[in-house]
Ligand SMILES: [Zn+2]
């Protein structure tokens with residue numbers, strides 16, 4: 001298993017739903033299942049049973065995660081947000097300046113931080 005695959009498994013073991021994204025990028029790696037079916041593309045979040053739903057493919061199923069990273073060992077790791085947690089990803093110095101003015105920012109609980117490809121800190 002590649003280092004990225006091991007990292008994806010570690011995140012999934014912590015309960016974070018992961019999915020493969022393009023190496024060095026942000027776009028989901030699995031082609032959209034309903035690309036040619038506009039109503040389904042807008043509505044299906046994986047209920048059809050297959051992969052290809054962007055962030056909705058995110059899973060904590062270790063066998064599924066392992067299979068993805070065995071197939072695409074250099075895939076970057078996407079983590080679905082909006083359920084267990086959200087991410088604050090300020091853009092540039094103006095974004096960071098605005099973020100620190102949020103009520104409660106100074107007393108926020110301890111959060112994870114990740115460095116983005118552009119060198120900014122995203123707070124989870
Ligand atoms: Zn579907």
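Residue pairs whose Cβ atoms lie under 9 Å apart, sitting 6 or more positions apart in sequence or on different chains, and linking a residue in the range 14-43 that is at pLDDT below 95 to a partner that is exposed (fewer than 10 other Cβ atoms within 10 Å of the Cβ), are 24/117; 25/117; 26/117; 34/42. For the range 81-96, the count of residues that are within 16 Å of the ligand (Cβ to nearest atom), surrounded by 15 or more Cβ atoms within 10 Å (Cβ to Cβ), in the same structural domain as residue 16 (by TED's automatic domain parsing) and under 21 Å from residue 21 (Cβ atoms) is zero. Of the numbered criteria (1) assigned by TED's automatic domain parsing to the domain that holds residue 1; (2) closer than 28 Å to residue 1 by Cβ, the one residue 113 fails is (1).
If the condition is being more than 16 Å from the ligand (Cβ to nearest atom) and within 13 Å of the chain's Cα centre (by Cα), then the range 49-64 contributes only 60. Applying the set (1) away from the ligand (no atom under 15 Å from the Cβ); (2) farther than 23 Å from residue 115 by Cα to residue 29 leaves exactly one unmet item: (2).
Picking from residues in the range 15-26 that are under 15 Å from residue 59 (Cβ atoms) and in contact with a strand residue (DSSP E or B) (Cβ under 8 Å, 6 or more places away or on another chain), the one that is nearest to the ligand (Cβ to nearest atom) is 19.
The values are calculated or read from the model by the stated rules, or taken from the named source; none is laboratory data. Quick caveat, the model's predicted, so the values are computed rather than measured. A quick note on method: Cβ atoms are made from the backbone with ideal geometry, for glycine too, and the neighbour counts reach across all protein chains shown.
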